[in-house]
Amino acid sequence: MATWGLIVEMTVGTGERKHMEASVLAQVEGSREEALAELGEWIGRYTPEHPRSPKRSRVFRTADGFLLVVDGAWQTFSSRFTVAELVKDSAAPRPEPQPTPLPTPEDAAPAPAAPSEDTAPAPAGPTVDRYADGVPVKPAWLGRTDLP
């Protein structure tokens, strides 16, 4: 199922500093038609920052969304509402790793061969308590009297 971004590009600033800025209003999962319907609802709730005293407001339907044109006392401002399919998101959450199936007895490796006579036996020393990651619970230096 596709993810659609509901995007608004609006006129900000005034005079020579007037320019367009884009922002994502929401993301919708589903079909393009469902995303367009949701975008239509956003237009009804949207109040542009400019102009402060609107004289006339018009909404036009385009191929990918809507265009809102608001005439003010001195200038005209516009907001373009667009539906666009999300292709890549650098901040998207990583997918959950799939659990690996447990091995069955048929998958078990053959038993290790018996040690030959010429291999030395493992040293028999005291066992050390370790955490699950292999790090000793008690550091080797703890309790040594030869350290300052």
**Request:** State which residue pairs qualify: first residue aliphatic (A, V, I, L, M) and inside segment 20-41, second residue at pLDDT below 90 and assigned to a helix (DSSP H, G or I) in any location, beta carbons under 7 Å apart, and separation of 6 or more residues or different chains.
**Result:** Leu25/Trp42
**Item:** Residue in segment 33-51 that is within 21 Å of Val70 (Cα to Cα) and in contact with a Pro (Cβ under 9 Å, 6 or more places away or on another chain) present
**Value:** yes
**Request:** For segment 50-67, name all the residues that are of a type in the set (A, V, I, L, M, F, W, C) and surrounded by fewer than 19 Cβ atoms within 10 Å (Cβ to Cβ).
**Result:** Val59, Phe60, Ala63, Leu67
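Being open to solvent by 60 Å² or more (accessible area, probe 1.4 Å), farther than 20 Å from Thr62 by Cβ and out of contact with any Asp or Glu (no Cβ under 9 Å at 6 or more places or on another chain) is the filter here; which residues of segment 1-26 pass it? Talk me through it step by step, then tell me what you get.
Of all residues in segment 1-26, those open to solvent by 60 Å² or more (accessible area, probe 1.4 Å) come to 1, 9, 14, 16-22, 24.
Narrowing the set further to residues that are farther than 20 Å from Thr62 by Cβ leaves 1, 14, 16-19.
Passing the criteria: Thr14, Glu16, Arg17, Lys18, His19.
Give the number of residues within segment 1-52 that are polar (S, T, N, Q) and in contact with a His (Cβ under 9 Å, 6 or more places away or on another chain).
Of the residues in segment 1-52, the ones polar (S, T, N, Q) are 3, 11, 14, 23, 27, 31, 47.
Still in the list and also in contact with a His (Cβ under 9 Å, 6 or more places away or on another chain): 11, 14.
The qualifying residues number 2.
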**Message:** Which pairs turn up if I take residues in segment 63-92 that are under 17 Å from Glu49 (Cβ atoms) and look for partners that are in a loop (DSSP other than H, G, I, E, B) and small (Gly, Ala, Ser) with beta carbon separation below 8 Å, at least 6 apart in sequence or on another chain?
**Reply:** Gly72/Ser53; Ala73/Ser53
**Message:** Filter segment 29-46 down to the residues that are loosely packed, with under 13 Cβ neighbours inside 10 Å and under 23 Å from the mean Cα position of the chain (by Cα) and list them by number.
**Reply:** Glu29, Ser31
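The values are calculated or read from the model by the stated rules, or taken from the named source; none is laboratory data. A quick note: this is a predicted structure, and the numbers were derived from the prediction, not measured. Neighbour counts run over all protein chains shown; Cβ positions are idealised from the backbone, glycine included. Accessible surface is based on the protein model in full, side chains and every heavy atom, while ligands, DNA and RNA are left aside. Shrake-Rupley method; radii C 1.70, N 1.55, O 1.52, S 1.80 Å.
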